[in-house]
Amino acid sequence: MDSTTLLPPVKEAIEQFPHHFHEDAASYASPLGAAWAPGRVNLIGEHTDYNGGYVLPLAVDRVSAFAGRTRNDQTVRLWSTHFNAYAQFSLAGLPESFEEQREKIPGWARYVLGVATELIKANITLKGFDAVITGDVPLGGGMSSSAALEVASAQAYALFSNHSFSIGEDNATLTPLETAGLCQKAEQNASGLMSGILDQAASCLGQPRKAILLDCRSLEYRYLPFEDPGVSVVVIDTGVRRELASSAYNERRKQCEEATQRIRTLILENEPDNTEARSIKALRDITPEQFEQYKGQLPQILQQRAGYIIAENERVLQVVKLLEAGKIEEAGKILWLGHAGLRDEYEVSCKELDVLVDIARDVPGVLGARMMGGGFGGCTINLVRNEAVDALSQAVERHYQERTGRQASIDICRAAAGPSYVLFEN
Ligand code: GLA
């Protein structure tokens with residue numbers, strides 16, 4: 001591969017490798033190689049993944065990248081350009097040694113350790129390697145930098161284990177969604193966030209000019225053209241990072257499970273002949289009509305949580321229909337509704353996210369905006385007519401700091417491919 005066509009973070013990782021790992025090529029068991037995977041945005045379908053529902057993400061043109069060489073032993077040594085720090089762990093003794101090793105390494109390296117642990121649990125043999133990690137997915141900024149890191153790790157293990165296993169469609173050891181599932185477990189074990197499969201699936205399944213409609217229950221997916229040349233996907237980062245977000249996330253998950261159980265019980269009590277109700281496992285299985293009928297018997301908080309999820313799942317299907325009909329303007333309108341639900345019913349927004357969405361609402365040519373990802377910080381996603389991007393950017397500059405005391409940053413993203421790698425000759 002011509003190195004001039006490589007993505008900037010991949011190039012950077014390759015350039016940085018000799019600066020951080022000094023041994024000459026002869027002491028390694030492979031030539032220099034690089035592996036990478038993208039972050040994601042989600043058009044609609046927030047918090048629906050762990051409720052067995054639909055999501056509609058795209059992988060984006062921002063990646064986490066590894067460049068390195070295979071070692072002759074079972075050690076993994078990493079240098080993160082972002083944190084300016086080394087980390088090291090051993091593949092020997094995994095999965096048993098996972099928890100003990102996790103406590104000894106920095107947070108970012110835990111994801112890489114977590115992925116090794118899941119691969120080894122899946123009976124895959126790995127080799128040690130040295131690598132530099134770079135990336136241009138904003139860390140903690142709502143574009144799933146951690147999923148990009150996990151999926152890039154999986155791709156790096158495949159590469160540096162001399163392809164003892166492979167990731168991909170046809171005849172690969174792991175399909176993209178199997179890889180996503182392993183990376184999701186790695187995320188949960190590394191961070192304690194009981195995340196769904198949205199982020200890792202989007203990273204693994206990415207394709208240029210395509211959105212991915214994923215059914216998080218059956219794991220069936222299909223691609224939707226997403227290439228209106230007149231509309232940009234604009235991501236605006238609030239600059240807010242909240243440590244407590246993961247406990248609130250896990251709490252939402254529990255509330256959804258509780259709401260499911262209660263509604264199921266209510267249906268079974270009131271409709272003894274409804275045999276289908278016995279198979280209700282998640283909010284995904286409850287229809288809007290059933291919810292309307294029984295919601296009055298739920299505690300207020302569960303009513304709100306379940307109401308949001310059931311409506312959001314419907315919103316995904318509406319957006320899909322509209323995009324398929326080429327009605328992006330109408331699709332955009334649904335994003336505003338998604339935000340209102342996340343703010344008022346699911347209560348995972350925050351002042352800064354609300355301010356960004358309010359600012360966007362006043363800019364003509366913004367078709368829709370909403371907070372994206374887990375919430376409590378991170379970013380908003382905005383569908384914006386190209387000619388309105390500058391106006392949006394100016395409006396954010398003018399009003400965001402004044403209203404929040406913070407600085408926002410703006411990115412334009414394109415739908416991009418999933419994980420990949422390159423191996424050089426020497
Ligand atoms: C985080 C999680 C995902 C998903 C989103 C909310 O990004 O990692 O699994 O639940 O929040 O949609």
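What to note about this one:
- Each principal axis of the Cα cloud of the chain was taken in turn, and the coordinate range along them, longest first, works out to 70, 54, 40 Å.
- Helix content alone sets the calculated 222 nm mean residue ellipticity of the chain: runs of n ≥ 4 DSSP H residues at -39500 (n - 2.57) each, divided across all residues, give -13500 deg cm²/dmol.
- For the stretch 232-413, the Kirkwood hydrodynamic radius from C-alpha pairs, put into Stokes-Einstein at 4 °C and a viscosity of 1.567 mPa s, yields a diffusion coefficient of 73 µm² per second.
- Taken as Cα centroids, the stretch 253-329 and the stretch 13-60 sit 35 Å apart, rounded to the nearest whole angstrom.
- Here the calculated FRET efficiency for GLU314 and PHE83, from their Cβ-Cβ distance with R0 = 56 Å, stands at 0.85, rounded to the nearest 0.05.
- Peptides 345-355, 203-213, 251-261, ordered by how many other C-beta atoms sit within 10 Å of their residues on average, highest first, read 203-213, 345-355, 251-261.
- Amide H contacts under 5 Å for CYS379, placed H, 5+ residues apart: THR238, MET372
- Solvent-accessible area per residue in the stretch 115-165 equals 24 Å², computed with a 1.4 angstrom probe and all protein chains kept.
- Per-residue surface analysis assigns LEU337 an accessible area of about 100 Å², computed on protein heavy atoms at 1.4 Å probe radius.
- Projected label distance in nm at ARG209 and GLU289, using a 7 Å step from Cα toward the beta-carbon: 4.1
- Sulfur and carbon atoms: percent of accessible area, the chain [1.4 Å]: 47
- Peptide packing for 392-399, 294-301, 19-26 was compared via the average number of neighbouring C-beta atoms within 10 Å per residue; ordered from the highest value, the list is 392-399, 294-301, 19-26.
- Proximal charge balance of VAL151 [Cβ under 11 Å; K/R count +1, D/E count -1]: -2
- Residue-normalised accessible area of the stretch 232-413, expressed per residue, 1.4 Å probe, Å²: 47
- Stretch gain in nm, segment ARG398-ASP344, where the contour uses 0.36 nm per residue and the Cα spacing is subtracted: 16.8 nm
- Spacing of the modelled spin labels on HIS163 and GLN74, each 7 Å from Cα toward Cβ, amounts to 2.6 nm.
The values are calculated or read from the model by the stated rules, or taken from the named source; none is laboratory data. In this text, all values refer to a predicted model and were calculated from it rather than measured experimentally. Neighbour counts are summed over all protein chains in view; Cβ atoms, including those assigned to glycine, are modelled from backbone coordinates with ideal geometry. Keep in mind that these areas ignore ligands, DNA and RNA; they rest on the heavy atoms of the full protein, side chains included. Shrake-Rupley method; radii C 1.70, N 1.55, O 1.52, S 1.80 Å.
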